[in-house]
Amino acid sequence: MPVVTYLNIVHTYISMISNSYLVFSKMVTSFFSIYGSHVVQAPQSGSLQNQKTRRSHHCKMGDNVDLEKCFEVVSNLVSEAGRLIARNNETRQEFVTKSNDIDLVTQTDKDVELLLMDGIRRHFPDHKFIGEEESSGEEGVKNLTDDPTWIIDPVDGTMNFVHAFPHSCISVGLKVNKVTELGLVYNPILEQRFTARRGHGAFYNGRRIHVSGQKELGKSLITSEFGTTRDEAKMKVVNENFEKMAKRAHGLRVLGSAALNMSMVALGAADANYEFGIHAWDVCAGDLIVREAGGVVIDPAGGEFDIMSRRVLAAATPELAQEITKVLTQFYPLPRDD
Ligand code: IPD
């Protein structure tokens with residue numbers, strides 16, 4: 001081999017080795033510049049640097065919620081609790097009164113609320129709850145925060161349940177960052193299960209459902225309630241509105257459960273539902289189910305729906321909702337839920 005060729009080969013090898021060394025040393029330098037300062041020179045706890053690092057890594061608890069798992073867990077629990085309700089609904093139930101003589105609670109309400117809360121806590125120990133029966137205790141309704149919060153009515157339609165009238169249901173919604181992500185309304189006596197996940201549509205016993213699309217009050221079937229108080233001012237408004245609706249709508253129905261009334265709007269069986277005096281747990285799930293079925297849920301005076309206001313209007317279309325707001329005599333129940 002000529003000497004020149006031999007020298008060329010040696011030169012090539014040397015430059016390859018030195019290039020590799022350069023690349024390797026650059027990798028080592030950048031490794032230490034990325035990780036070295038954190039690992040080796042970790043700032044003292046409480047220092048500004050440490051606070052900044054912690055803040056930049058901070059993410060809200062709600063950002064990591066596994067909604068798929070939440071839905072699966074609560075669906076199973078609701079089925080279990082439903083068996084208890086269906087069994088006990090075979091006979092009339094003992095009850096005690098809460099805020100007045102027509103605001104009732106049974107042992108089943110309490111048992112179902114505990115069953116749901118304990119079951120959810122086992123899987124999601126950090127989650128919060130706003131439950132009807134817990135909220136009627138001394139502490140009252142807890143504040144809604146950004147944390148994942150389950151809003152639970154263990155038996156919606158307790159008056160029906162006490163009388164073994166087969167229209168009672170479990171109503172559960174999950175809010176994350178104050179947005180309702182999933183909702184279930186389950187009447188285990190008639191096997192009616194309404195479900196919705198935000199952005200995934202609404203379902204009745206597994207079948208996709210849609211609101212009726214009705215725009216005119218004159219052709220609408222309306223649901224509402226007498227409510228669970230005999231407060232005179234409230235009763236006056238309730239009766240006035242029933243009279244107005246009876247004169248204008250196709251018909252008026254009172255199922256005895258706010259959550260089932262709203263589910264009927266989602267199903268397209270009723271065209272609108274309004275009520276003054278409901279609580280967050282009566283309507284949290286129903287609100288999502290109606291909206292996922294293509295309907296609207298607003299304040300009965302026309303503004304945005306406020307889950308703590310104890311006022312709700314759900315309708316198949318915005319046109320129908322607007323027409324109803326113009327007809328209704330308004331009522332603002334106190335205290336609010338927050
Ligand atoms: C009640 C029922 C009732 C409605 C009330 C709700 P509860 O819930 O849904 O039909 O008129 O506003 O509070 O007490 O049976 O859970």
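The residues of the range 259-286 that are charged (D, E, K, R), within 16 Å of the ligand (Cβ to nearest atom) and under 19 Å from SER220 (Cα atoms) amount to a single one, GLU275. Scanning the range 121-133 for residues that are open to solvent by 20 Å² or more (accessible area, probe 1.4 Å) and within 13 Å of the ligand (Cβ to nearest atom) gives GLU132, GLU133. Taking the criterion of being in a strand (DSSP E or B), among the charged types (D, E, K, R) and more than 12 Å from the ligand (Cβ to nearest atom), no residue of the range 134-158 qualifies. Please find, within the range 175-187, the residue that is nearest to the ligand (Cβ to nearest atom) out of those that are open to solvent by 10 Å² or more (accessible area, probe 1.4 Å) and under 13 Å from ASP287 (Cβ atoms). My answer is LYS175. The selection criterion, being closer than 30 Å to ARG87 by Cβ, over 21 Å from the mean Cα position of the chain (by Cα), open to solvent by 10 Å² or more (accessible area, probe 1.4 Å) and hydrophobic (A, V, I, L, M, F, W, C), holds for LEU190.
For the range 65-81, a residue qualifies if it is within 15 Å of the ligand (Cβ to nearest atom) and touching a Lys or Arg at 6+ places or on another chain (Cβ under 7 Å), but none of them does. Could you tell me whether VAL172 is assigned to a loop (DSSP other than H, G, I, E, B) and crowded, with 23+ Cβ neighbours inside 10 Å? It is false that VAL172 is assigned to a loop (DSSP other than H, G, I, E, B) and crowded, with 23+ Cβ neighbours inside 10 Å. If you go through the range 314-338 and keep only what is closer than 21 Å to ASP231 by Cα and either touching a Phe, Trp or Tyr at 6+ places or on another chain (Cβ under 6 Å) or of a type outside the set (S, T, N, Q) (or both), you end up with LEU328, PHE331, TYR332, PRO333, LEU334, PRO335, ARG336, ASP337, ASP338. Contact annotation: residue pairs with Cβ atoms under 6 Å, 6 or more positions apart or on different chains, pairing a residue in the range 218-240 that is closer than 17 Å to ALA258 by Cα and touching a residue at least 12 places away in the same chain (Cβ under 8 Å) with a partner that is hydroxyl-bearing (Ser, Thr, Tyr) and open to solvent by less than 20 Å² (accessible area, probe 1.4 Å), are SER224/TYR274. Among the residues of the range 275-294, those that are over 22 Å from ILE130 (Cα atoms) and open to solvent by 10 Å² or more (accessible area, probe 1.4 Å) comprise GLU292, GLY294. The listed residues are GLU232, GLU216, GLU181, GLU191, and the only one of them that is under 21 Å from ASP306 (Cα atoms) and of a type in the set (Asp, Glu) turns out to be GLU181. Annotation note: Cβ proximity below 7 Å between a residue of the range 103-117 that is modelled with pLDDT of 95 or more and a residue that is away from the ligand (no atom under 12 Å from the Cβ) and aromatic (Phe, Trp, Tyr) (sequence gap 6+ or interchain) occurs for MET117/PHE129. For the range 209-257, the candidate set comprises residues that are out of contact with any Phe, Trp or Tyr (no Cβ under 8 Å at 6 or more places or on another chain), small (Gly, Ala, Ser) and assigned to a loop (DSSP other than H, G, I, E, B); within that set, the residue that is surrounded by the most Cβ atoms within 10 Å (Cβ to Cβ) is SER257. Residue count for the range 82-120, restricted to those that are over 14 Å from ILE170 (Cβ atoms) and either part of a strand (DSSP E or B) or within 14 Å of the ligand (Cβ to nearest atom) (or both): 12.
Here PHE161, PHE165 are screened, and the one residue that is within 14 Å of the ligand (Cβ to nearest atom), outside any helix (DSSP H, G or I) and of a type in the set (Phe, Trp, Tyr) is PHE165.
The values are calculated or read from the model by the stated rules, or taken from the named source; none is laboratory data. On a predicted model such as this, the values are computed, not experimentally measured, just so you know. For neighbour counting, all protein chains shown are included, and Cβ atoms are generated from backbone atoms with ideal geometry for every residue, glycine included. Side chains are part of the model used for accessible areas, which takes the heavy atoms of the whole protein and leaves out ligands, DNA and RNA. Shrake-Rupley method; radii C 1.70, N 1.55, O 1.52, S 1.80 Å.
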